[in-house]
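Read through the structure below, which is laid out as structure tokens, and then see the notes.
Throughout, read-outs are computed from the coordinates displayed, never taken from laboratory work. Source: prediction; values computed, not measured. Cβ atoms come from the backbone with ideal geometry, glycine included; neighbour counts cover every protein chain shown.
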Amino acid sequence: MKKRLLPPYIFRRSGFTLLEILVVVAILGILVAFVAPKIIGRADDARVEGAKVQIKNFETALKLFKLDNGFYPDTQQGLEALVQKPAAGRIPKKYREGGYLEKKDVPADPWGNPYIYISPGIQNDFDIISYGADGAEGGNKYDADINNWTIE
């Protein structure tokens, strides 16, 4: 019986050549060049949307506060009145145990700045404002003010 020999290519070491690795790196570089700018710009859009959602949550909590107590917290009591019963100014008689926000603190806006609360407001019964990315009044695009009377 004749011994069967294996073809010589089976004994070659398998691996990638330098050319194959360079092609893969080039393809990955091209993908990153097209995808990265789209992802990076989305973070700022997400912060703006997050501020709008948080302002809507404040509006809902303030309406519940008024439903229970017959008035909105004043400017001095601020949004803190949604998590802790006010001790000064007009004191609510039917304050909900545990407050009006799910978390027991008033969050800052997505840029780390406090929301501005004015009651009675200039535009509505109360105004809630985030000054945007720059933290200053006015601005364009991501620096623009976000407020409860212009969001839908």
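Close amide-amide hydrogen proximity is noted between Ala133 and Asp143, Ala144, each under 5 Å apart and 5 or more residues distant or on a separate chain (H modeled in the peptide plane; Pro and chain starts excluded).
Summing charges over neighbours of Pro73, with a neighbour being any other residue whose Cβ is under 15 Å away from its Cβ, gives +1 when K and R count +1 and D and E count -1. Other residues lying with their Cβ under 13 Å from the Cβ of Asn140 contribute a combined charge of -4, Lys and Arg counting +1, Asp and Glu -1. What relative contact order, as a whole-number percentage, does the chain give when Cα pairs under 8 Å and 6 or more residues apart are counted? 18 percent.
Checking every one of the trypsin sites (Lys or Arg not before Pro) in region 79-152 against DSSP loop status and a limit of 12 other Cβ atoms within 10 Å picks out Lys93, Lys94, Lys103, Lys104.
The longest stretch of the chain left intact once loop-based chymotrypsin sites (Phe, Trp or Tyr not before Pro) with at most 15 other Cβ atoms within 10 Å are removed from consideration, loops following DSSP, is 72-148. Result for the chain in a Gaussian network model with C-alpha springs under 10 Å: among Glu102, Glu20, Glu59, the largest mean-square fluctuation is at Glu20. Coupling constants for region 28-36 follow from the phi torsions by the Karplus curve (6.51 cos²θ - 1.76 cosθ + 1.60, θ = phi - 60°), and in residue order they are 4, x, 5, 4, 5, 4, 8, 8, 4 Hz; glycine and proline get x.
The HN-Hα couplings worked out from phi for region 15-20 by the Karplus form 6.51 cos²θ - 1.76 cosθ + 1.60 (θ = phi - 60°) are x, 9, 7, 4, 5, 5 Hz, whole numbers, x standing for Gly and Pro. Shown in residue order for region 145-150 are the 3J(HN,Hα) couplings computed by the Karplus curve 6.51 cos²θ - 1.76 cosθ + 1.60 at θ = phi - 60°: 5, 10, 9, 6, 8, 10 Hz (x for Gly and Pro). All other residues whose Cβ lies under 15 angstrom from that of Ser119 are scored, Lys and Arg at +1 and Asp and Glu at -1, for a net of -2. For Arg96, no residue whose modelled amide H falls within less than 5 Å of its own remains once neighbours fewer than 5 places apart on the same chain are excluded.
Taking the charge dipole of region 21-147 about its Cα centre, with +1 at Lys and Arg Cβ atoms and -1 at Asp and Glu Cβ atoms, the residue from Gly112, Gly50, Phe71 reaching farthest to the positive side is Phe71.
Normalised by 2.2 N^0.38 Å, with N the number of residues, the alpha-carbon radius of gyration of the chain equals 1.96.
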